[in-house]
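First comes the structure, then the notes that go with it.
The values are calculated or read from the model by the stated rules, or taken from the named source; none is laboratory data. Because the structure is a prediction, the values reported are computed rather than measured. Cβ coordinates were reconstructed from backbone atoms using ideal geometry, including for glycine residues, and neighbour counts include every protein chain displayed.
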Amino acid sequence: MTENENPAALIVDDDEVFRKRLCRALELRGWEAYSAPGGVEGLALARETAPDLAIVDLKMEGESGLDVVSSIRAFDATISIIMLTGYGSIATALEAVRSGADHYLSKPVDADQILAAYQALKQHGQADPRPPATVPTLARVEWEHIQRVLTDCGGNVSQTAKLLGLHRRSLQRKLYKFPPRE
């Protein structure tokens, strides 16, 4: 990248709405943003555009985000890679780093949090260990988790309730509420 070029980011995520919003947010911050709905398209774009930053979702249809990270790392070790997931755990974070990710963030995440992690990687070679300035409330995290499981169940409330260990009516009451403020 020369001084006159904008930095480039590649977003590989099967959630179209999230992908488009993140691309737009990065473009508003002076980045060139490319997006791909899956691993095959993401790898092709990574080879074509040579981005400075790759943002890869862990859980996607088809190829795993871990495989995408490994493949990107194999052909270009200079790309900073941030792994995103809606199902954050220590085990998946370790697996992401072992696969070649430089950093790991749990969804919900916004462009500012991603760019802060990227800047920390560039300045210190690692992500900023300080906690984020804003932490979502427990109610917000619960609501988003319910929405993810409901989406995974294809909108089936009964199946979602069973997976979450809730009574169907209790789940319906939670679904009728608006998302809590962050």
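Scanning segment 79-111 for residues that are under 21 Å from Glu41 (Cβ atoms) and of a type in the set (Val, Ile, Thr) turns up Ile79, Ile81, Ile82, Thr85. Restricting segment 94-119 to residues that are small (Gly, Ala, Ser) and not in a helix (DSSP H, G or I) leaves a set whose member that is surrounded by the fewest Cβ atoms within 10 Å (Cβ to Cβ) is Ser106.
The requirement of being outside any helix (DSSP H, G or I), of a type in the set (Gly, Ala, Ser) and either modelled with pLDDT under 85 or over 19 Å from Ile114 (Cβ atoms) (or both) is not satisfied by Gly30. For segment 52-81, a residue qualifies if it is of a type in the set (Lys, Arg) and either surrounded by 19 or more Cβ atoms within 10 Å (Cβ to Cβ) or within 13 Å of the chain's Cα centre (by Cα) (or both), and exactly one does: Lys59. Number of residues in segment 85-109 that are out of contact with any helix residue (DSSP H, G or I) (no Cβ under 8 Å at 6 or more places or on another chain) and not small (Gly, Ala, Ser): the value is 6. In segment 82-92, of all residues being within 15 Å of Gln113 (Cβ to Cβ) and hydrophobic (A, V, I, L, M, F, W, C), the one that is farthest from the chain's Cα centre (by Cα) corresponds to Ile82. Scanning segment 63-84 for residues that are assigned to a helix (DSSP H, G or I) and touching a helix residue (DSSP H, G or I) at 6+ places or on another chain (Cβ under 9 Å) gives Gly65, Leu66, Asp67, Val68, Val69, Ser70, Ser71, Ile72, Arg73, Phe75.
Within segment 149-173, the set of residues being crowded, with 16+ Cβ neighbours inside 10 Å and assigned to a helix (DSSP H, G or I) comprises Val149, Leu150, Thr160, Ala161, Leu164, Leu171. Taken over segment 82-93, the criterion of being surrounded by 14 or more Cβ atoms within 10 Å (Cβ to Cβ) and either β-branched (Val, Ile, Thr) or in contact (Cβ under 8 Å) with a residue 24 or more places away in the chain (or both) is satisfied by Ile82, Met83, Leu84, Thr85, Gly86, Thr92.
Kindly indicate whether Val40 is part of a helix (DSSP H, G or I) and farther than 18 Å from Tyr118 by Cα. The answer is yes for Val40. Might you check whether a residue that is touching a strand residue (DSSP E or B) at 6+ places or on another chain (Cβ under 7 Å), free of Cβ contacts under 8 Å to residues at least 40 places away in the same chain and within 29 Å of Gly154 (Cβ to Cβ) occurs anywhere in segment 22-34? Yes, segment 22-34 contains at least one residue that is touching a strand residue (DSSP E or B) at 6+ places or on another chain (Cβ under 7 Å), free of Cβ contacts under 8 Å to residues at least 40 places away in the same chain and within 29 Å of Gly154 (Cβ to Cβ).
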